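The values are calculated or read from the model by the stated rules, or taken from the named source; none is laboratory data. Quantities reported herein were computed from a predicted structural model and do not represent experimental measurements. Please note: Cβ atoms are built from the backbone with ideal geometry, for glycine as well, and neighbour counts cover all protein chains shown. SASA here: full protein model, heavy atoms, side chains in, ligands and nucleic acids out. Shrake-Rupley method; radii C 1.70, N 1.55, O 1.52, S 1.80 Å.
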Amino acid sequence: MSNVISKEMTCPKCNEPHSAHLYISINATTDPQFRDDLLEEKLLRFKCESCGYEGRYTYPLLYNDMKKRFMIYLIPEIDRFQLEDRTLEDDYRNLKGIKKRITADFNSFKEKIFIFESGLDDMAVELTKYAITEMISKKLDCGKITESYLSIYNRETNTIGFTCFLGEEHEPYVQSARLEIYRKSMKIVDAICGNDRKLSGFIKIDREWAENTLFRYKRLKKS
């Protein structure tokens, strides 16, 4: 079941206190409406009744999809690659074969849900994203692209695509490609990421991980 608590919060603009419902964990299998509200960005939204300020609550949130067998832990601004939460491990010790990830921001959190619901491997997606963003950076001469998310996946049209945010204005730029690039990334994952897949606890699979993985892969090919 999902875990919801009530807590007194303070508006960051006017400092007026108000009561809030905080969703500490969401079970997408038993509470699918919570899943829908989360992805539509309704669940964490708040509006101050005193001054009208609107924003989104930011706090650790665990997302659990029992049917598709993945868990994502949103921990804002976390900079660790691996997290082992003994309480969580004890609570879910009977569950095997669960993909467990940590993300440091809400958009990456939503992206992971999209990836796993689509039946994709997030390691291969990150390698694909890295290759495509590097190509865009060179093509547009726009510098390093640090923010991009999977936004297109269509098996019927053999297409995968990403929305990238460019420059100081964060202008969205969508780039699609054939699924062959994802399949090539999957071969790299199968070749050298066995140890990563065996790690316990929650791990962060992001651009930094992709850079390190491609470095290891290139070094392996040279040897």
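Numbers at a glance
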| read-out | value |
| --- | --- |
| Using alpha-carbon coordinates, inclination of helix 106-117 to the longest axis of the chain, degrees | 60 |
| Residue-by-residue Karplus 3J(HN,Hα) for segment 190-196, coefficients 6.51, -1.76, 1.60, Hz, glycine and proline x | 5, 7, 10, 10, x, 5, 4 |
| Cα-Cα over 29 Å, subset of 7/96; 138/187; 100/218; 47/144; 68/221 | 7/96; 47/144; 68/221 |
| Computed accessible area, residue 171, all protein chains, 1.4 angstrom probe, square angstrom | 110 |
| By accessible area with a 1.4 Å probe, ligands and nucleic acids excluded, highest first: order of 4, 189 | 4, 189 |
| Neighbour net charge for residue 43 - beta-carbon separation under 11 angstrom, K R +1, D E -1 | -1 |
| Label corresponding to log10 I(q)/I(0) by the Debye sum over Cα atoms at q = 0.09, 0.16, 0.17 Å⁻¹ when calculated from the structure given, among (i) -0.51, -1.11, -1.19; (ii) -0.42, -1.22, -1.33; (iii) -0.36, -1.11, -1.23 | (ii) |
| Among 44, 193, 34 - extreme Cα towards positive end, dipole of the chain, charges at beta-carbon | 193 |
| In Å², nearest 10: area of residue 145 left accessible to a 1.4 Å probe | 10 |
| Rounded to the nearest 10 Å², the accessible area of residue 23 at probe 1.4 Å | 40 |
| Cβ-defined net charge surrounding residue 164, 12 Å radius [Lys, Arg +1; Asp, Glu -1] | +1 |
| Percent of beta bridges antiparallel (DSSP, the chain, rounded to nearest 5) | 80 |
| Net charge of neighbours whose Cβ lies under 9 Å from the Cβ of residue 133, counting Lys and Arg as +1 and Asp and Glu as -1 | +2 |
| Folded to 0 to 90 degrees: helix 122-140 orientation relative to the chain principal axis, Cα | 70 |
| Most to least accessible of 18, 170 (protein chains only, probe 1.4 Å) | 170, 18 |
| Net dipole in debye of segment 87-178 [+1 Lys, Arg Cβ; -1 Asp, Glu Cβ; about Cα centre; nearest 20] | 400 |
| Long-range amide H partners of residue 151 with built H, under 5 Å | 161, 162, 163 |
| Cα centre as origin, Lys/Arg/Asp/Glu Cβ charges: the chain dipole, Debye | 1260 |
| Heavy-atom accessible area ranking, 1.4 Å probe, most first, across 69, 80 | 80, 69 |
| Segment 9-135, relative contact order [Cα under 8 Å, separation at least 6], % | 18 |
| Orphan Cys of the chain, criterion: no other Cys C-beta under 4.7 Å | 142, 164, 193 |
